[in-house]
Amino acid sequence: MSNYDSLHRQCRTLESLFDTKLTAYARLASSITRNQDDVEASGSTARWRDLEIEVDELLEKLQEINDQLSALANDAENPPSQSMLRAIQRHREVYLDYARELRRTKSNVKAALDQANLLSGVRNDIDAYKSSAADALLSERGHIDNSHQMTDEMLAQAYETRAEFARQRSTISGINARMQGVLSSMPGINNLLGMIKTRRRRDAVIVGCLIGLCMVLLFMYMF
């Protein structure tokens, strides 16, 4: 039964290794549930997949060894002893327990990952909403600043226009003052202007008298 001894040792080694990996696999589910972190960013998904592949491969190898042990238990030519049959039966029970535990742990890990991803998605949505709200506030602040800048520019233009009008008024006042100075420094011009005005008034009176006389003569001729 050297073949049985080899299979028995391999089976015990695989059982011990499988138990270690399964414990790490279950601990990952517990850590994910406890931390509730961003699963993708922290790499929990990659670790979960790697561990899941390892425990699946170990369980598959353990099944192969148990199948070979079951074949030895059914060998009619070289029937195993009762102690061997009990050991083979025990290995089969351990394998079935591990298979059930793996299915249960897979379900727990998947639920933990789904919950962590859901919470991470909610947090990302909240962060995105906060970011969009902040962007909207910044954009509105930019519009307000632009409006203030345009108002300042318009006020500056108004002040400049008022200053220009003041300069023009000062220039015109200076010209008038110089004209008054020139006229006051040349009294003959004032006299000449007075004579011109007097003559114009006289001519207007003469023209008016002539027109009146012509009208009187016209009426006298008609009647």
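What follows draws every value from the coordinates through simple rules; no lab data is involved. It should be emphasised that the depicted structure is a prediction, and the values quoted were computed from it without experimental measurement. Glycine gets a Cβ as well: all are built from the backbone with ideal geometry, and neighbour counts include every protein chain shown.
Summary table
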item: Computed E for Glu60/Gln115 - FRET, C-beta separation, R0 25 angstrom, nearest 0.05; result: 0.30
item: Backbone HN-Hα couplings from phi across the range 48-60 [Karplus 6.51/-1.76/1.60, Hz, Gly and Pro as x]; result: 4, 5, 4, 5, 5, 5, 5, 5, 5, 5, 5, 5, 5
item: Cβ-Cβ FRET estimate between Ile172 and His148, R0 fixed at 35 Å, reported to 0.05; result: 0.45
